[in-house]
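First the structure, in the form of structure tokens, and then the observations on it.
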Amino acid sequence: MGPLLFSPSSVFWRVNRELASGLAGPRAVLMQISHPLIAAGVADHSQFRNHRLSRLYRTSMAAAAITFGTRAFALSAVRRINGIHTRVHGNLREDVGRFAAGTRYDANDPELKSWVLATITDSSLKAYEMFVGPLSRDERAGYYQDSLTVAELFGIPERYIPSTYDDLGVYMTEMLSNGSIAIGTDARNITKALFRGFPLGSLFRLGSAFGIGRLPVSLRHDLDLTWNATEERWLERVARASRRARRFIPSALCSNPAATLLEAFAWQR
């Protein structure tokens, strides 16, 4: 067992170890497919209609491997992901946002990787603060600085990555306003497939309540996802109950099993 990539005392570990942080996944996925080139790659190179949870599952497994593993283990996970991505390329079929029909996409494009990482980071922090507890400005900044290690593992050049947590907010605002994030046919079809049918679609819709409720309003509208005042009040009540309960529930019961095991054996960096 080599040294861990992240210390169990880090904010990155503390946030990602919480099972509640897993609720960030659906929001991150919905924001990722709101990028037309990512949506095209998913539509053209995945079986999202038959395996609707596969992207969410792969993302969560990779996140666990990187957060709680050694550098060697994390790099192995990254190589597997990059290997899959080498087969994901093609051309956009329609004009969407600032992208013209025929625009080439490639899953290993550092700009697309940067957006994926940003959605995961932003969603994880929002989920933790909503369901577990508040973080200070310094803690959010520390979490973001640790996330830059993940960017380095994926080989994303520094010029594509916001340097600080504050820069991340600026970056995401710009992406949402400059036409880079726009909903086309692919994104709508993927979203419909995710939530279709009973019981799986209904259960996934329930599990995605945080993700849907905390999407930017314009994306939620353009993805044809409904969200009303009753659902908002329900989400707020559940989150409030979660924050209160978390103060009394033993930490190990709220933790990713991999993190719990590593902490029990006190493996350090």
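So the check is Cβ under 8 Å with 6+ separation or different chains; which pairs have a first residue in the range 183-195 that's touching a residue at least 12 places away in the same chain (Cβ under 8 Å) and a second one that's hydroxyl-bearing (Ser, Thr, Tyr) and crowded, with 16+ Cβ neighbours inside 10 Å?
Listed by first residue and then by second, the contacts come to Ile183/Ser34; Ala187/Ser34; Leu194/Ser208; Phe195/Ser208.
Say we look at the range 78-103 and pick out the residues that are part of a helix (DSSP H, G or I) and within 20 Å of Gln32 (Cα to Cα); which of these is most open to solvent (accessible area, probe 1.4 Å)?
Once the filter is applied, the top-ranked residue is Arg80.
From the set of residues in the range 193-235 that are among the charged types (D, E, K, R) and exposed (fewer than 14 other Cβ atoms within 10 Å of the Cβ), which is farthest from Tyr57 (Cα to Cα)?
Arg233
Report every pair of residues separated by at least 6 positions or lying on different chains whose Cβ atoms are under 6 Å apart, first residue within the range 37-64 and among the small types (Gly, Ala, Ser) and open to solvent by 40 Å² or more (accessible area, probe 1.4 Å), second assigned to a helix (DSSP H, G or I) and at pLDDT 85 or above.
Cβ pairs passing all conditions: Ser60/Gly25.
Which residues, counting only those in the range 125-165, are more than 23 Å from Arg240 (Cα to Cα) and free of Cβ contacts under 8 Å to residues at least 24 places away in the same chain?
Of everything in the range 125-165, those that are more than 23 Å from Arg240 (Cα to Cα) and free of Cβ contacts under 8 Å to residues at least 24 places away in the same chain turn out to be Asp138, Gln145, Leu148, Glu152, Glu158, Arg159, Ser163, Thr164.
So if I check each of Pro110, Pro26, Pro8, which one is open to solvent by 20 Å² or more (accessible area, probe 1.4 Å), touching a helix residue (DSSP H, G or I) at 6+ places or on another chain (Cβ under 6 Å) and closer than 26 Å to Leu215 by Cα?
Criteria check complete, one pass: Pro110.
Here are Ala245, Ala264: which of them is open to solvent by 50 Å² or more (accessible area, probe 1.4 Å), free of Cβ contacts under 8 Å to residues at least 40 places away in the same chain and hydrophobic (A, V, I, L, M, F, W, C)?
Going through Ala245, Ala264 in turn, just one is open to solvent by 50 Å² or more (accessible area, probe 1.4 Å), free of Cβ contacts under 8 Å to residues at least 40 places away in the same chain and hydrophobic (A, V, I, L, M, F, W, C): Ala264.
Select, from Ser208, Ser251, Ser242, the only residue that is within 20 Å of the chain's Cα centre (by Cα) and among the polar types (S, T, N, Q).
It is Ser208.
Which helices (runs of 4 or more DSSP H) sit wholly inside the range 207-269 and have at least 2 residues that are within 19 Å of Glu18 (Cα to Cα)?
Working: elements: 209-213, 217-222, 229-246, 257-264.
The helices (runs of 4 or more DSSP H) meeting that bar are 209-213, 229-246, 257-264.
Can you pull out every residue in the range 189-204 that is of a type in the set (Lys, Arg) and in a helix (DSSP H, G or I)? Give the derivation first.
Here is the first cut: in the range 189-204, the ones of a type in the set (Lys, Arg) are 192, 196.
Selection gives Lys192 alone.
The values are calculated or read from the model by the stated rules, or taken from the named source; none is laboratory data. Predicted model only: the values in this text are computed from it and were never measured. Neighbour counts run over all protein chains shown; Cβ positions are idealised from the backbone, glycine included. Heads up: the accessible areas ignore ligands, DNA and RNA and are worked out on the full protein's heavy atoms, side chains in. Shrake-Rupley method; radii C 1.70, N 1.55, O 1.52, S 1.80 Å.
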